[in-house]
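The values are calculated or read from the model by the stated rules, or taken from the named source; none is laboratory data. Please read all numbers here as calculations on a predicted model, not as lab measurements. Here the Cβ positions follow ideal geometry from the backbone for every residue, glycine too, while neighbour counts run over all protein chains shown.
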Amino acid sequence: MKFKKNILCIGAGYVGGPSMAMIAYKCPDCRVTVVDINPARIDAWNSAELPVYEPGLDEIIKKTRSKNLFFAKDIENQIKENDIIFVSVNTPTKTFGAGAGKAADLQFVEKTARQILEHSQSPKIVIEKSTLPVKTALAMERILASAKGKITFEVLSNPEFMAEGTAMADLEKPDRVLIGSRETQSGLKARAELVDIYARWVPAEKIITSNIWSSELSKLVANAFLAQRVSSINSISALCEKTDADISEVARAVGMDSRVGSKFLKAGIGFGGSCFKKDILNLVYLCNYYGLQEVADYWESVVKINEYQQDRFTANILGSMFNTLAGKKICILGFSFKADTGDTRESPAIYITRKLLAEHAQVVISDPKALKNAAIDLASDKGKISYIEDPYSAASGCHALAILTDWELYRKLDFRKIYKSMIKPTFIFDGRNIIDHKKCFDIGFNVYPIGKPALSRFEDQSSV
Ligand code: UDX
Ligand code: UDX
């Protein structure tokens, strides 16, 4: 069958896989191919067990795979055969050299641009899908321009705003699709070609276009604003705990102002995930680079509050459990950075577990989807941690429960049954405020939510 458009995506990760599956699903007359330097990842995409857990993804893959969606290993050949190339490779925080710890490591993006240059035999539209520092497109253009007029490349920026756990719904009904381009004749033509693809299922008023730098920067700023809301509410949760105010009541009252809005006001143990911290640090680096110290400090404080919230949570566990955790068994319920994903990148659970181990606690970790990744994250602590998927077996014989991920199943647990199997006195630290605190207190637990008065049978020990 001859396809109308041939689309390639380089990078078959959490972003590349689901977003290309949605394009293939919505555009049956386009052929979409996804490649990756990691052949095992491609094998997984071609198998029954996908490398990414995402509600609804399985069904879309089943409907499209081998029809107009292909996962392939021959990167060079695919570059030759496709006209539109999305780049969705990872852009981790740099760990070395200038900007280490803050700047984005662009080596994979640059390598990919060189690969495209080397193997292209016809004009291409190259689309940045990865989150990138503003002005990265310039570097890409410069690399691609060295084709010296033989082949033309047009670079577009089309950042992805989907969130993990809701990726398929976000991709199907996005708040907006953003496409940035050069405002030249060829730039606008390439932009129109990409608009056409999204217009198959996204209403025209939700497809917004801009210059390429605004598009790159908007993605960083969108993530920074979202993370800032989480840090803002978490900072107030600390004040609530001192004043007997209740963070859920405060968030409700504040969020009902339509100028503020009710989303992203859930206090907890802080944000995780591959994007928020990385993107804010990247923004901080950019501000510093341009000599904007005050602006850099302002955004860096969002990350600092996030770390503070995790420290507060572990200090509270220690203080409430009579200032010693040595030899005590703590059951961690939830290890992924949020519900409905097995992803543990930058999960607050990693940091909290390490802190508990440093206090010589014994840790049991339970999670419905993230145990494999948890064992990789904590490989250096092998032998000190048990991994048990069933929450009832995991909690049995423990002194405390720490709820670290907002999985729906934890709301519905039979806490009476769990209480009976645990060592007394028994503690619950609800890092996500998802369970019925009063009910658990009445069962016999000492309950410590975030930003709400503790329901405890003991005097506060934390200041001892
Ligand atoms: C990544 C970035 O973290 C994010 O900032 C960006 O917006 C999109 O890409 P994600 O898809 O979650 O997000 O990353 P990951 O799951 O690590 O996928 C990246 C894939 O690219 C990996 O499978 C990796 O093997 C592949 N890759 C990396 C290449 O194919 N070529 C390379 O040169 C480097
Ligand atoms: C985020 C952005 O939402 C998305 O638009 C972008 O494309 C990628 O980064 P993601 O990291 O997948 O998506 O998840 P998100 O739902 O934003 O949650 C991030 C973290 O914030 C999670 O750890 C979550 O638990 C936490 N969070 C979120 C809170 O603690 N409270 C809230 O109210 C909301």
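When the stretch 272-298 is filtered for residues that are farther than 19 Å from Ser218 by Cβ and crowded, with 24+ Cβ neighbours inside 10 Å, only Gly272 remains.
When Lys382, Lys329, Lys369 are screened for being within 16 Å of ligand 1 (Cβ to nearest atom) and over 26 Å from Gly101 (Cβ atoms), only Lys369 passes. Scanning the stretch 118-154 for residues that are aliphatic (A, V, I, L, M) and more than 21 Å from Ala12 (Cβ to Cβ) turns up Val134, Ala137, Leu138, Ala139, Ile143, Leu144, Ala145, Ala147, Ile151. On inspection, Ile305 does not qualify as of a type in the set (A, V, I, L, M), touching a Ser or Thr at 6+ places or on another chain (Cβ under 7 Å) and part of a strand (DSSP E or B). Checking the structure you have, find out if any residue of the stretch 98-112 is within 16 Å of ligand 2 (Cβ to nearest atom) and touching a residue at least 60 places away in the same chain (Cβ under 8 Å). There is at least one residue in the stretch 98-112 that is within 16 Å of ligand 2 (Cβ to nearest atom) and touching a residue at least 60 places away in the same chain (Cβ under 8 Å).
Buried (at least 24 other Cβ atoms within 10 Å of the Cβ), within 10 Å of ligand 1 (Cβ to nearest atom) and under 25 Å from the mean Cα position of the chain (by Cα): does that describe Val35? Don't jump to the end; show me each part of the working.
Values: buried (at least 24 other Cβ atoms within 10 Å of the Cβ): yes; within 10 Å of ligand 1 (Cβ to nearest atom): yes; under 25 Å from the mean Cα position of the chain (by Cα): yes.
So Val35 fits the description; yes.
Restricting attention to the stretch 272-293 and to residues that are assigned to a loop (DSSP other than H, G, I, E, B) and free of Cβ contacts under 8 Å to residues at least 60 places away in the same chain, the residue that is farthest from ligand 1 (Cβ to nearest atom) turns out to be Gly291.
Considering only the stretch 114-219, give the helices (runs of 4 or more DSSP H) lying wholly within it that have at least 3 residues that are within 16 Å of ligand 1 (Cβ to nearest atom) and buried (at least 19 other Cβ atoms within 10 Å of the Cβ).
Those helices (runs of 4 or more DSSP H) span 136-145, 167-172.
Scanning the stretch 341-356 for residues that are farther than 23 Å from Ile418 by Cα and either of a type outside the set (Lys, Arg) or touching a residue at least 40 places away in the same chain (Cβ under 8 Å) (or both) turns up Thr341, Gly342, Asp343, Thr344, Arg345, Glu346, Ser347, Pro348, Ile350, Tyr351, Lys355.
Take the residues in the stretch 367-403 that are of a type in the set (S, T, N, Q) and touching a Ser or Thr at 6+ places or on another chain (Cβ under 6 Å); name whichever of them is nearest to Ile332 (Cα to Cα).
Ser396
Looking across the stretch 442-463, just one residue is over 19 Å from Ala267 (Cβ atoms), hydrophobic (A, V, I, L, M, F, W, C) and not in a loop (DSSP other than H, G, I, E, B), and that is Ile443. Which of the residues spanning the stretch 1-13 are over 10 Å from Val89 (Cα atoms) and either surrounded by 24 or more Cβ atoms within 10 Å (Cβ to Cβ) or in contact (Cβ under 8 Å) with a residue 24 or more places away in the chain (or both)? Those that are over 10 Å from Val89 (Cα atoms) and either surrounded by 24 or more Cβ atoms within 10 Å (Cβ to Cβ) or in contact (Cβ under 8 Å) with a residue 24 or more places away in the chain (or both): Phe3, Lys4, Lys5, Asn6, Ile7, Leu8. Just one of the listed residues (Thr33, Thr93) is farther than 21 Å from Glu154 by Cβ, of a type in the set (S, T, N, Q) and touching a helix residue (DSSP H, G or I) at 6+ places or on another chain (Cβ under 9 Å), and it is Thr93. Screening the stretch 253-271 for residues that are surrounded by 15 or more Cβ atoms within 10 Å (Cβ to Cβ) and assigned to a helix (DSSP H, G or I) and picking the one that is farthest from ligand 2 (Cβ to nearest atom) gives Val254. Comparison of Ala296, Ala238, Ala224, Ala245 shows that the only residue that is outside any helix (DSSP H, G or I) and touching a helix residue (DSSP H, G or I) at 6+ places or on another chain (Cβ under 8 Å) is Ala245.
For every residue, the table says whether it meets (1) within 21 Å of the chain's Cα centre (by Cα); (2) more than 14 Å from ligand 1 (Cβ to nearest atom).
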{"residue": "Gly56", "(1), (2)": "yes, yes"}
{"residue": "Lys63", "(1), (2)": "no, yes"}
{"residue": "Asn68", "(1), (2)": "no, yes"}
{"residue": "Asn77", "(1), (2)": "no, yes"}
{"residue": "Lys80", "(1), (2)": "no, yes"}
{"residue": "Ile85", "(1), (2)": "no, no"}
{"residue": "Val89", "(1), (2)": "yes, no"}
{"residue": "Ala103", "(1), (2)": "yes, no"}
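Taking Arg345, is it within 16 Å of ligand 1 (Cβ to nearest atom) and either under 18 Å from Asp406 (Cα atoms) or under 25 Å from the mean Cα position of the chain (by Cα) (or both)? Answer is yes for this residue.
Filter the stretch 117-137 down to the residues that are without any contact (Cβ under 8 Å) to a residue 60 or more places away in the chain and in contact with a strand residue (DSSP E or B) (Cβ under 9 Å, 6 or more places away or on another chain) and list them by number. Give the steps one after another, and end with the answer.
Pass one, the stretch 117-137, residues without any contact (Cβ under 8 Å) to a residue 60 or more places away in the chain: 117-124, 126.
Listed by number, the residues that qualify are Leu117, Ser120, Pro123, Lys124, Val126.
For the stretch 146-171, a residue qualifies if it is within 22 Å of Ser214 (Cα to Cα) and among the hydrophobic types (A, V, I, L, M, F, W, C), and the qualifying residues are Phe153, Val155, Leu156, Phe161, Met162, Ala163, Leu171. Test Asp105 against the stated conditions and say whether it is within 30 Å of Leu220 (Cα to Cα) and at pLDDT below 95. Against the criterion (within 30 Å of Leu220 (Cα to Cα) and at pLDDT below 95), Asp105 qualifies.
Looking at the stretch 102-113 only, could you name the residues that are part of a helix (DSSP H, G or I) and either touching a His at 6+ places or on another chain (Cβ under 7 Å) or not basic (Lys, Arg) (or both)? Spell out the reasoning first.
Initially, the stretch 102-113 is screened for residues part of a helix (DSSP H, G or I), giving 107-113.
Of everything in the stretch 102-113, those that are part of a helix (DSSP H, G or I) and either touching a His at 6+ places or on another chain (Cβ under 7 Å) or not basic (Lys, Arg) (or both) turn out to be Gln107, Phe108, Val109, Glu110, Thr112, Ala113.
Residues being in contact with a strand residue (DSSP E or B) (Cβ under 9 Å, 6 or more places away or on another chain), touching a residue at least 12 places away in the same chain (Cβ under 8 Å), within 16 Å of ligand 2 (Cβ to nearest atom) and not acidic (Asp, Glu) are entirely absent from the stretch 381-400.
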